[in-house]
Amino acid sequence: MNKKNLILFMPSIEIGGVEKNFIIISNFLASKFNKLTVITTSINKKNKFSKKIKFISQSKINLSNYSRRFKFLVGLLMLATEIIKNKNSIVLCFQANIYCVYLCKLLRTKVVVRSNSSPEGWSKNFLKKLIYKNAFSIADKIIVNSLEFKKQVKKKFDVESSCIYNPLNKDEIINLIKKKVNISFFKKKCLNFINVARLEDQKDHMTLLNAFLNLKNIINFRLLIIGDGKNKKKMEKFIKENKLINEVKILKNINNPFPYIKKSDAFILSSKYEGLPNVLLESIILNKLIISSDCPTGPKEILDNGKGGLLFKTGDSIDLAKKILFFVNNKKECDQKIKYAKKRIFRFNFKNNLIKYHQLINNF
């Protein structure tokens, strides 16, 4: 394997759990293999990677304001060029999976696909389902990040996959919470809730906002939403029209949300679908109660079917409001759930899960 060129492919590195995992896994594998290349259009992320890594990115044009599909196209052209130069390559793909698989097969190169979120979010269209089934069946290996995800891939595409949990770096989180931040928005006499997610349809912030609108005259609360995306204006309009300006605040994406999570009382995830949401694991490390949608896949697995937190019906703001009230009125029981979740966090051990990536790639 040391004679081969291992290529890690992610054409657009943004802000999120997938991107964080990509950087962690790249740097770990760089310590195991002599030749490792990262291909991306995100030149501004170069300082996140080990100096041992050959970092390939275009540098003539700033693509940050271009569409994802355009970045995919540029990334695929760079990938094709690298494979042609180094025919003895293996590709580990984190993004643009279908395109990457077909390109690699065209160039007779082995490709491992790391799929990041539940098929519920991207395979409902019949044609898409057929295309994904074909691409997954010809890939050399599929990696998923939860056992429920593995079952879905088998059921929907009749393809076997390997489950490797996201590597959770507890030491990094504990170090990052030391940063002092002024969060005057949170109040001592209020219950302070937090959500950290892209402001996109997948994250279903409207269910979150409607739940708190139902609770406006019942409890004193503050809800801090950290993130950015296409739904920001829609959410701000809802907050203004429903007179929630004093109770709800949207804070643009920040690199270190952990001090904010630490100062909250509970973390809420309202997604329609996920893979294995890092932010839930990180909140457990910070001793926060998790209130999450029972979406596919990840939350139910992380929280052991509700033993380690509270699960509400996906897309149901009334059920979410009930779970928030349960947290308010059942402090001792919720404290037990926090302790249970903390005991079960060992499944996401940083080193153990990174070693699984090394072993899987090394088998080629």
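Remarks
- Exceeding the 19 Å Cα-Cα cut-off - candidates K300/K343; K180/K331; K85/K105; K110/K141; K124/K230: K180/K331; K124/K230
- Cα→Cβ-extended label distance, 7 Å offset, between L73 and N349, nm: 4.7 nm
- Note that segment 46-57 has calculated 3J(HN,Hα) couplings of 4, 5, 7, 9, 4, 5, 6, 7, 7, 9, 10, 8 Hz, one per residue in order, obtained from phi through the Karplus relation 6.51 cos²θ - 1.76 cosθ + 1.60 (θ = phi - 60°); glycine and proline are x.
- With Cα atoms, 0 to 90° folded angle of helix 147-157 axis to the chain main axis: 60 degrees
- For the chain, the list of Cys residues with no other Cys C-beta under 4.7 Å reads C104, C163, C190, C295, C334.
- Close amide H contacts of I90 (hydrogens built in the peptide plane, cut-off under 5 Å, sequence separation of 5 or more or a different chain): N5, L6, I7.
- Toward the positive end of the charge dipole of the chain, with +1 on the Cβ of Lys and Arg and -1 on the Cβ of Asp and Glu, the farthest Cα among F55, V144, L8 is that of F55.
- Relative contact order [Cα under 8 Å, 6+ residues apart], the chain, whole percent: 15 percent
- For segment 158-172, 3J(HN,Hα) per residue [Karplus equation, 6.51 cos²θ - 1.76 cosθ + 1.60, θ = phi - 60°, Hz, x = Gly/Pro]: 6, 10, 7, 9, 10, 8, 10, 5, 5, x, 9, 8, 5, 4, 5
- Here is the list for segment 149-230: trypsin sites (Lys or Arg not before Pro) lying in DSSP coil, each with at most 16 other C-beta atoms within 10 angstrom of its C-beta, are K178, K179, K180, K187, K188, K189, K216, K230.
- Whole-percent carbon and sulfur share, accessible surface of the chain, 1.4 Å: 50 percent
- Under 20 Å from K87, Cα to Cα: aspartates and glutamates that are on another chain or at least 8 residues apart: D140
- Projected label distance in nm at K332 and K233, using a 7 Å step from Cα toward the beta-carbon: 5.2 nm
- Förster radius 30 Å - calculated FRET efficiency between Q58 and Q359, Cβ distance, rounded to 0.05: 0.35
- Between segment 130-171 and segment 295-314, the alpha-carbon center distance in angstrom: 19 Å
- N330 long-range amide H proximity, modeled H, under 5 Å: none
- Excluding ligands, DNA and RNA, the accessible surface per residue across the chain is 49 Å² with a 1.4 Å probe.
- Per-residue 3J(HN,Hα) values for segment 330-340, derived from phi via the Karplus relation 6.51 cos²θ - 1.76 cosθ + 1.60 with θ = phi - 60°, read 9, 4, 5, 5, 5, 4, 5, 5, 4, 5, 4 Hz in sequence order (x marks Gly and Pro).
- Each residue, N86 and K342, gets one label point 7 Å from its Cα in the Cβ direction; the gap between the two is 4.4 nm.
- For C163, residues with placed amide H under 5 Å, excluding near neighbours: V144
The values are calculated or read from the model by the stated rules, or taken from the named source; none is laboratory data. The shown structure was predicted, so the numbers you read here are calculated from the model rather than taken from an experiment. We place every Cβ from the backbone using ideal geometry, glycine too, and count neighbours over all the protein chains shown. Just the protein is used for accessible areas: all its heavy atoms, side chains included, with ligands, DNA and RNA removed. Shrake-Rupley method; radii C 1.70, N 1.55, O 1.52, S 1.80 Å.
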